[in-house]
Structure formats: C-alpha cells, structure tokens
Amino acid sequence: MSDKSQIRDAATILLIRDAGRAPKVLMGRRGARAAFMPGKFVFPGGAVDPGDHRVPLAAAGAEPCLSRLGEELRPGAPDTLPHALLVAAIRELWEETGQILGKRKAWEGEVPEDWRDFAARGYIPSPEGLAFICRAITPPGRPRRFDARFFAADAARLASDPDDFSAASEELDCLQWIPFERLMEFDLPFITQVALAEIKARLPDLSAPPDVPFFRNNDEESLFLRLGGKSPLEAGQR
C-alpha cells in the first residue's frame, strides 16, 4: 500500500479570545507517546469520522468557506466532505477541550454515541462563525498523514465557559489560552506556526480570508498553492 493511500481528512480549530485587545489562542499539548506530533502544542483537532457526514448542523456553513473546502479534493472524496469537516472540527473541539460551538435545539432521531454528552447539554453543533483559513497535507514519510483543514472562530461564539475544561478528554494536556506574544515560548509544529501567522496578519478580523494557503505534499511533489482563485504562479509570487 502506498504512502498516499494513508492520508486521512482532518479538521482543527483556532479559537481566538480577545481578538481586538490582547489576542489569545486555545491550545494543548499532545502526549509524549503520541504517534503524531508527540509533545507538541497544537490546536484541538483530529480526523474525520464516517459518522461526521450524517451529523446535523444548526446552519450549513458560510461562503466562501464551503466552496473552498470543495476545491482540490482527492479522488474518491464524497460530496458531503465539506459538511463532515465542519462537523469534525466542532466534535474534536468538544472531545478535546469540553468547549461547545452549538445552538440550543433538540436533536432529531437517535443521537450518535460520541455526541450524546454534547446533546445532553441541549445543543446541536453549529458552524456559524467558522472561517476556513489554511489547509495542509502531511509530507510523505511521517507515521501518520492527514489532509488537515484549519478553521478560525471567535471564542465569543462559544456556548460554554471558555475557562471550564472539566469535560475535556485526556488527549491534550496543559489546555490553556496562550497570548500571541508568548507563542514562541512553546514547542509548535511548523504548520501550526503558519496557521497562526495567517490569523495574526488579519487580527482582529476573524472572517474568511481572501484566499487560503494550501501546502499540498504528495509522493511526487510539494507545492504551495492558494485556494480561492489564485493560480500557482500567483501564489508563488506572493
């Protein structure tokens, strides 16, 4: 089986607090024995689950984000992938931090097992305010590879207490709101630094950017593109 076939779709969230005054971002540290990025400080996130394609959302997501999520899809990707990426981002945020991006509403039908605690609090997931800001495919040769989409959101949209991590799993430790001026004190992956730079350049604006950086690493080549209308030549000249 080739390395390319191992790539999994994934989603992650940059939650930004106090964007207009003293911006901070929610991050946690991966375990020292984790197979992927051990010991690194990262945003909440993870792979898309099959059930994410069927989970209801309080809103459909905003343009141009949905269209851009559908660009450059790998062969065989389902049409429901943009929806599933939004769901996965909200689910991973909930599982890893206990924070809720949702709207007060009863679920229709049976609630999936991994959403029962979320639903028990009276919410269904809501992508309102999520802005697609970056995409990167893990380079070949790594123990795990992901096609990760990064979303930004204002922490003011949380339906939960931003300082309460009591419902978080143990996947990330040292959960905290890190001030932007202190970020370089932490052990951050390269792509995490790229995503943070994209946000920092536009603060306090957390809406969808004019175009989205895409690090497309595959078995044949590594390219830096931008999603949203620019050609590879234009992206290279930026």
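Readers should treat all values here as calculations from the given coordinates under stated rules, not as data from a laboratory. Only a predicted model underlies this, so the values are computations on that prediction, with no experimental measurement involved. Neighbour counts run over all protein chains shown; Cβ positions are idealised from the backbone, glycine included.
What residue among Ala11, Ala120, Ala60 has the largest mean-square fluctuation in a Gaussian network model of the chain, using Cα springs under 10 Å?
Fluctuation is largest for Ala120.
I want the antiparallel fraction of DSSP beta bridges within the range 3-236, as a percent rounded to 5.
Values: 28 of 39 bridges.
Bridges in the range 3-236 that DSSP calls antiparallel: roughly 70 percent.
Longest span of the chain, sites excluded, free of GluC sites (Glu not before Pro) in DSSP loop with at most 10 other C-beta atoms within 10 Å? Each step should come with its number before you reach the end.
On the way: sites that count: Glu108, Glu110, Glu170, Glu220, Glu221.
Between exposed loop sites, the widest span is 1-107.
Dipole of the range 1-147, Cα-centred, from +1 at each Lys and Arg C-beta and -1 at each Asp and Glu C-beta, to the nearest 20 debye? Intermediate values should be presented prior to the final figure.
Values: 22 positive and 19 negative charges, 141 e Å.
Using Cβ point charges on Lys, Arg, Asp and Glu, the range 1-147 gives about 680 debye.
With an 8 Å Cα cut-off and a minimum separation of 6 or more residues, compute the relative contact order for the range 3-236 in percent.
Working: 465 pairs, mean separation 65.4, N = 234.
Relative contact order here is 28 percent.
With unit charges on the beta carbons (Lys and Arg positive, Asp and Glu negative) and the dipole taken about the Cα centre of the range 116-238, which residue among Gln193, Asn217, Phe165 sits farthest to the positive side?
Asn217
Gain in length, Glu71 to Ala120, computed as 0.36 nm per residue apart minus the alpha-carbon separation, to one decimal in nm?
Length gained between Glu71 and Ala120: 14.1 nm.
Go through the range 122-154 and name the trypsin sites (Lys or Arg not before Pro) that are in a DSSP coil and have 15 or fewer other Cβ atoms within 10 Å of their Cβ.
Working: sites: Arg135, Arg144, Arg145, Arg149; in loops: Arg144, Arg145.
Answer by residue number: Arg144.
In the Gaussian network model of the chain, springs joining C-alpha atoms below 10 Å, which of Leu223, Leu101, Leu14 carries the largest mean-square fluctuation?
Taking springs between Cα atoms under 10 Å, the residue moving most is Leu223.
In a shell of Cβ-Cβ distance under 14 Å around Lys105, excluding Lys105 itself, what net charge do Lys and Arg (+1) and Asp and Glu (-1) give? Please list the in-between numbers first.
Details: positive: Lys103, Arg104, Arg121; negative: Glu108, Glu128.
Around Lys105, the charge tally is +1.
Charges only on Cβ, +1 for Lys and Arg, -1 for Asp and Glu: so what's the dipole of the range 93-133 about the Cα centre, in debye to the nearest 20? Let's see the in-between values first.
Numbers: 5 positive and 8 negative charges, 62 e Å.
With Lys and Arg at +1 and Asp and Glu at -1, about 300 debye.
By how many nm would the segment from Cys174 to Leu223 lengthen if fully extended, with 0.36 nm per residue of separation less the alpha-carbon distance? Walk me through the numbers before you get to the answer.
Details: separation 49, 0.36 × 49 = 17.64 nm, distance 3.38 nm.
Taking 0.36 nm per residue and subtracting the Cα distance, the gain is 14.3 nm.
So which aspartates and glutamates can Lys105 reach, going by Cα to Cα under 19 Å and dropping same-chain residues fewer than 8 places off?
Asp52, Glu113, Asp114, Asp117, Glu128, Asp161
By its C-alpha gyration tensor, with a ≥ b ≥ c as the square roots of the eigenvalues, how is the chain shaped: rounded for a/c under 1.5, else prolate for a/b larger than b/c, else oblate? It would help to have the intermediate numbers written out before the result.
Numbers: a/c = 1.33, a/b = 1.19, b/c = 1.12.
The shape class here is rounded.
Among Val87, Val25, Val55, which one moves the most in a GNM of the chain with springs linking Cα atoms closer than 10 Å?
In this elastic network of the chain, the residue with the biggest mean-square fluctuation among Val87, Val25, Val55 is Val55.
Give the residue from Pro23, Ala60, Gly141 lying farthest towards the positive end of the charge dipole for the range 3-236; charges sit on Cβ (+1 for Lys and Arg, -1 for Asp and Glu) and the dipole is referred to the Cα centre.
Pro23
In deg cm²/dmol, rounded to 500, what helix-only [θ] at 222 nm does the chain give when every DSSP H run of at least 4 residues adds -39500 (n - 2.57) and the total is split over its residues? Walk me through the intermediate numbers first.
Details: 5 runs with 43 residues, N = 238.
Calculated mean residue ellipticity at 222 nm is -5000 deg cm²/dmol.
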